[in-house]
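The values are calculated or read from the model by the stated rules, or taken from the named source; none is laboratory data. Predicted model, so just to flag it, every value in this text is computed and none were measured. Cβ sites come from the backbone with ideal geometry, for glycine too, and all protein chains shown count toward neighbours. Side chains are part of the model used for accessible areas, which takes the heavy atoms of the whole protein and leaves out ligands, DNA and RNA. Shrake-Rupley method; radii C 1.70, N 1.55, O 1.52, S 1.80 Å.
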Amino acid sequence: MMRVVRRNTELGLILLAAVITGGAYVLASLGRTATLPADVVPFLGVVLALLGVAHVATRRLAPAADGMLLPLAALLNGIGYVFIARLDHDLAALQSLWTAVGVFAFVLTLLIVRRARDLERYRYTLALVGVALLMLPLVPGIGQNIHGNRIWVRVGGASFQPGELAKIVLAVLFASYLVDKQALLSQTRRFFGFMRPQLKLTHLGPILLP
């Protein structure tokens, strides 16, 4: 029953995120041209279709998942798209393509990783992969300096930021570490809660200073 409630809550929040995204898209168009965008209906249709696919995949493949994560991701992505569309329609079209790729990757991840805890055994491997991805732009020949930032990699005719992939990998690492050290962290929190009346800023000096 709880799983059904979570998924229904998720669906409602997804619809709310789509409405907010559509409203922001209309307001951005009104501010730029003082007219309603002609493609607002197809835009909302594409948004709802992509989010619908992600929601159905979550309902079927991960019914016990948190009901807040997908709507929050949808809202952040939608607001980001509106900001990009306000500046450059060509980049907005590219962003919509990446959104579709992201939904496809999300569904593929749910199909492959049926239990998130299975990733715990690979956390140190993921740590090495994350560090390697962060260092990749420094490799001569493939690292690119674009707009003064050396965070890009060019492979063939495609450029991308490996740091974006590193964020995902390192998030899995840190989540696994926090779960593994949950008991120790809770004891530390209780210790500092007990010591808070006696703690002064000078007591934290050896911790804050290198």
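Please work out the C-alpha center-to-center distance from the stretch 23-46 to the stretch 61-112 and express it in whole Å.
Here the answer is 19 Å between Cα centres.
Mind pulling the angle between the C-alpha long axis of helix 182-195 and the longest principal axis of the chain? Nearest 10 degrees, somewhere in 0 to 90.
Relative to the chain, helix 182-195 is tipped by roughly 70 degrees.
What is the angle, in °, between the Cα long axis of helix 123-135 and the longest principal axis of the Cα atoms in the chain? Nearest 10 is fine, range 0 to 90.
On a 0 to 90 degree scale, this one is about 60.
For volume of the Cα convex hull per residue in Å³, one of (i) 156; (ii) 223; (iii) 120 was computed from the structure I shared and the rest are decoys. Which label?
Computed from the coordinates, volume of the Cα convex hull per residue in Å³ corresponds to (ii).
If we count trypsin sites (Lys or Arg not before Pro) as exposed when they sit in a DSSP loop and have at most 14 other beta carbons within 10 Å, what is the longest stretch of the chain that avoids them all? Intermediate results must be reported in sequence, preceding the final value.
On the way: sites that count: 114, 115, 181, 200.
Result, exposed sites excluded: 1-113.
What Rg and what Dmax come out for the stretch 85-134 when only alpha-carbon atoms are used, in angstroms?
15.9, 44
From zero up to wherever the largest Cα-Cα distance of the stretch 1-95 sits, split into 10 Å bins and tell me the percent of pairs in each.
16, 45, 25, 12, 2
Any idea of the accessible area per residue across the stretch 102-165, 1.4 Å probe, to the nearest Å²?
So the stretch 102-165 comes to 72 Å² accessible per residue, rounded to a whole number.
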